1. How long is the stretch 58-100 along each principal axis, judged by its Cα atoms, biggest number first, in Å?
2. Report, largest value first, the span of the C-alpha coordinates of the chain along each principal axis, in whole Å.
3. Which angle between 0 and 90 degrees, to the nearest 10, do you get for helix 144-167 versus the longest principal axis of the chain when only C-alpha atoms count?
4. How many percent of Cα pairs in the stretch 100-152 exceed 12 Å?
5. How large is Rg over Rh for the stretch 66-206, taking Rg from the Cα atoms and Rh as the Kirkwood inverse mean of 1/r across Cα pairs?
6. Can you compute the label reach from residue 239? Point 7 Å from Cα along the Cβ direction, backbone N cut-off under 17 Å, restricted to the stretch 81-107.
7. Going from the alpha-carbon gyration tensor of the stretch 2-55, what semi-axes, largest first and in whole Å, does one get by taking the root of 5 times each eigenvalue?
8. Can you sort 161, 155, 237 so the residue with the fewest Cβ neighbours within 10 Å comes first?
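What follows draws every value from the coordinates through simple rules; no lab data is involved. Bear in mind the structure is a predicted one, so any value in this text is a computation, not a measurement. Cβ placement follows ideal geometry from the backbone for every residue including glycine, while neighbour counts extend to all protein chains displayed.
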């Protein structure tokens, strides 16, 4: 029981520190320190309760066991990261988002596409990826190409819907002003519609960062070469090696968070004028 009481004691200490830090005037260091301490306190609770209740490592390994396995499997984790994130998720993300952006510009220019394609897009976006992934794996093979195809399908329509919504969000007065200046469609698009649509576009890009990694990992459950995060998770679960599973989950969480954070930083630089970016 000493592990349980010790974990609760340290968790209370960290909680009290966070309460005091939250009262201090916010700055970048405090904003980073508060969630870091909170996360560390959760890990201490996890470690203490698993050891205190003598939970089997087959059910839930301790954070220290996961960290040890992580450090011992860096080469395997790197190969899986490259296969799943770089080849599968990132390539599919780029192809899907670029294709969705080009399609959104065409939809904005054509009322026929706007009335015909968007309802189909909403329907396809609602389809469960768990049902589409095996089909795409059979079509494109068991290497990373099929995972990229799954990611393209997952990110295309959310990006399309957000971009079309952004292109339609321009103010009518501004649109009429551009007409009085004699602006053609492309001038109107580049100087009015796209700048106004940037918050919507980046909203779609941020949503798709999460969808891309989820799609690539799920697709690997249905067929993969002997590498990849999804392949490793499904294989190690069968071997009851849960510490390796959690190590892969840690890599996926770090990669996804970094990807989302990078996109948020780019958004902050591009849409600095938007009210959401003002302090």
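1. Answer, in whole Å and largest first: 43, 22, 13 Å.
2. Computed over the Cα atoms, the extents are 77, 55, 29 Å.
3. The two axes meet at around 50 degrees.
4. That tail contains 69 percent of the Cα-Cα pairs.
5. 1.13
6. Only 81 fall inside the zone, counting backbone N under 17 Å.
7. Over the Cα atoms of the stretch 2-55, the semi-axes work out to 26, 10, 4 Å.
8. 237, 161, 155
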